[in-house]
Amino acid sequence: MIQVSKLRLSAALWAVGMLGVVVLTLTVIPQLLHGAQTPVPQSVAVTASLIQSGLFLALAAWLGAALSRSVGLRAPVTEAVLSGSSVWRAAKPQLLPGALIGLVAGAVLLIAGQAAPLEVQSAAPAFNIPVSARLLYGGITEEILMRWGLMTLIVWLAWRLFQRRNGAPAPRYVVAAIFVAALLFGVGHLPAATAMGINLTPSVVTYVLVSNTIPGVLFGFSYWRWGLESAFLAHATAHVVVIVAGAT
């Protein structure tokens, strides 16, 4: 495969991830702001959220592009598209693992949903999160932020500090990065729960962390073993499972 420049790779992933940012910002953020006392007009708040999210996404896209190759992590399909190589050859090894991991993650979400605290169950129906936001933001944007950007950075730091860049990263460092990124993925959902008017009781915090960290570990493993796009597929498939099951 022809090696793609880091700038082109990061720009491509940023552009793809921005689809999710735009959809989420225009459909969900207004719901969170509805009825809230804010010092600025809603349009200004939405625009500011869009810009902020775009900047964070740009940083994550660049970190992944700059650091991933040195630690053996890749985005094979995106690189194939940009280099003119066979997209099918790059995608084929990722399809089955990504789908299967997504089914497992979806089952985890369904089981966790049955055990959700009452305050979470009562607040969820008040918010309409479109399928497009779940698939684009959840399935793609979050993976660029948490796996491509954050997890790659953690692996690179461990490899740089503890291995002095000698050889491939030890599996223990990659596994640690998978868990740390997944836990932070769970922590990152706590502000959203607060914005929905849910009090962060111990049971709510436990639910949010567990229901997001476990799938995050599965998505991180998928990224490590098969590539970023397998994590995209796994995350999107998990949402499809929940949607088909009729769960919120």
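If the condition is being buried (at least 20 other Cβ atoms within 10 Å of the Cβ) and under 30 Å from Phe162 (Cβ atoms), then the stretch 187-212 contributes only Asn212.
Within the stretch 202-227, the set of residues being under 30 Å from Pro30 (Cβ atoms) and either among the basic types (Lys, Arg) or in contact with an Asp or Glu (Cβ under 7 Å, 6 or more places away or on another chain) (or both) comprises Val204, Phe219. When Arg164 is tested against (1) open to solvent by 30 Å² or more (accessible area, probe 1.4 Å); (2) in a helix (DSSP H, G or I); (3) of a type in the set (D, E, K, R), exactly one condition is not met: (2).
The values are calculated or read from the model by the stated rules, or taken from the named source; none is laboratory data. As the structure is a prediction and not an experimental result, all values here were calculated from the model. FYI the Cβ positions are ideal-geometry reconstructions off the backbone, even for glycines, and counts take in every protein chain you see. For the accessible areas, the whole protein counts, side chains as well, though only heavy atoms, and no ligand, DNA or RNA atoms are used. Shrake-Rupley method; radii C 1.70, N 1.55, O 1.52, S 1.80 Å.
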